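Shown next, in structure tokens, is the structure this report addresses.
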């Protein structure tokens, strides 16, 4: 089974919960989780900035092959670009399309 | 691919994000999004009132064939009816049933 | 159709909305809803404690065969165990895995 975690909120507690959930899915001992993806957009982008509080957590998820995708529409609106984000985060044109695409591929959706 | 955006929160920021996401899905240049629906219930109803801040945004989405459905259970609890909402919004008996029905039909789910 | 309601937020309003939505799905007169499940984790756990404000509401849902599952990872982090929760709530090792499993089985997802 595969899961996409949607980080869309500017609420820091929700962002931390989302990252913790991604880690828990990855560490699941039942072995039933085959892939975890994170899609970040809107206020959620603060959770993956290179100099942010969660940078180490995000790096560790990337090291464990979690794909973290940031919404380019959001970055543009916030006058940011990929270099402001934790290294290894990729961008997608629109986060909501990516979330749709992943669900269409069979990923379960989880919004912290 | 099709997507349902669930406006269930009374948080104005989340409401605006949800409407903006619906617009971005509609404007997606990859052409992969075939339909966008919005289901509104609980605190989310404030985002679609006729005299609200988002009325123009909602009208523009309706003009572009986004179906916007409001939960009749919620309207009743709030002493409101369809005439309080942006013209063109339709009602469904229960928003959560509509969200379930759309996912059952293959819509991806997105909660801003 | 079947629906899983994800109680993941510490926001009391969202918790109450989630429980009300579960009830509305159950009472749906169209007869199209065959099962409702609730998965509780992170801040959402406060909504199902035995001495909490929603205890009666949760008991009534359990009486009507709604499965309510609490995340053991969360309980451990909060120094709680099953005995702190409304009687009849079951535990699962990780809430996010349970949410994934239910969607994989065909449940629609709803996050209040």
All-but-one check, residue C:74 against (1) over 18 Å from residue A:27 (Cα atoms); (2) surrounded by 17 or more Cβ atoms within 10 Å (Cβ to Cβ), failing number (1)
Can you spot a residue in the stretch A:32-46 that is more than 24 Å from residue C:101 (Cβ to Cβ), away from chain C (no Cβ under 11 Å), in a loop (DSSP other than H, G, I, E, B) and within 9 Å of the chain's Cα centre (by Cα)? yes
Of all residues in the stretch A:77-94 being more than 14 Å from chain B (Cβ to nearest Cβ) and out of contact with any strand residue (DSSP E or B) (no Cβ under 9 Å at 6 or more places or on another chain), which is surrounded by the most Cβ atoms within 10 Å (Cβ to Cβ)? A:87
Please give the number of the condition residue B:29 fails out of (1) touching a helix residue (DSSP H, G or I) at 6+ places or on another chain (Cβ under 9 Å); (2) facing chain A (nearest Cβ under 10 Å); (3) farther than 20 Å from residue C:21 by Cα. (1)
Give the residue that is farthest from the chain's Cα centre (by Cα), with candidates limited to residues of the stretch C:95-112 that are more than 14 Å from chain B (Cβ to nearest Cβ) and surrounded by fewer than 24 Cβ atoms within 10 Å (Cβ to Cβ). C:101
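Name the single residue that is nearest to the other protein chains (Cβ to nearest Cβ) among those in the stretch B:3-24 being part of a loop (DSSP other than H, G, I, E, B) and without any contact (Cβ under 8 Å) to a residue 60 or more places away in the chain. Before the answer, list the steps.
First, the residues of the stretch B:3-24 that are part of a loop (DSSP other than H, G, I, E, B): B:8-11.
Cutting the leftovers down to without any contact (Cβ under 8 Å) to a residue 60 or more places away in the chain gives us B:10-11.
Numbers: B:10: 7, B:11: 9 Å.
Among those that are part of a loop (DSSP other than H, G, I, E, B) and without any contact (Cβ under 8 Å) to a residue 60 or more places away in the chain, it is B:10.
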Just a yes or no: is a residue in the stretch A:77-86 on the phi > 0 side of the Ramachandran plot, without any contact (Cβ under 8 Å) to a residue 24 or more places away in the chain and more than 11 Å from the chain's Cα centre (by Cα)? yes
So, residue C:61, is that one in contact (Cβ under 8 Å) with a residue 24 or more places away in the chain and touching a strand residue (DSSP E or B) at 6+ places or on another chain (Cβ under 7 Å) or not? yes
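Could you please let me know if residue A:55 is over 15 Å from residue A:1 (Cα atoms), surrounded by 19 or more Cβ atoms within 10 Å (Cβ to Cβ) and away from chain C (no Cβ under 11 Å)?
Working: over 15 Å from residue A:1 (Cα atoms): yes; surrounded by 19 or more Cβ atoms within 10 Å (Cβ to Cβ): no; away from chain C (no Cβ under 11 Å): yes.
Here the answer is no, as residue A:55 does not meet what is asked.
Here, each number is a calculation from the coordinates, and none is a lab measurement. Small disclaimer: the values here were computed from a predicted structure and weren't measured. Positions of Cβ are backbone-derived with ideal geometry, glycine not excepted, and every protein chain shown enters the neighbour counts.
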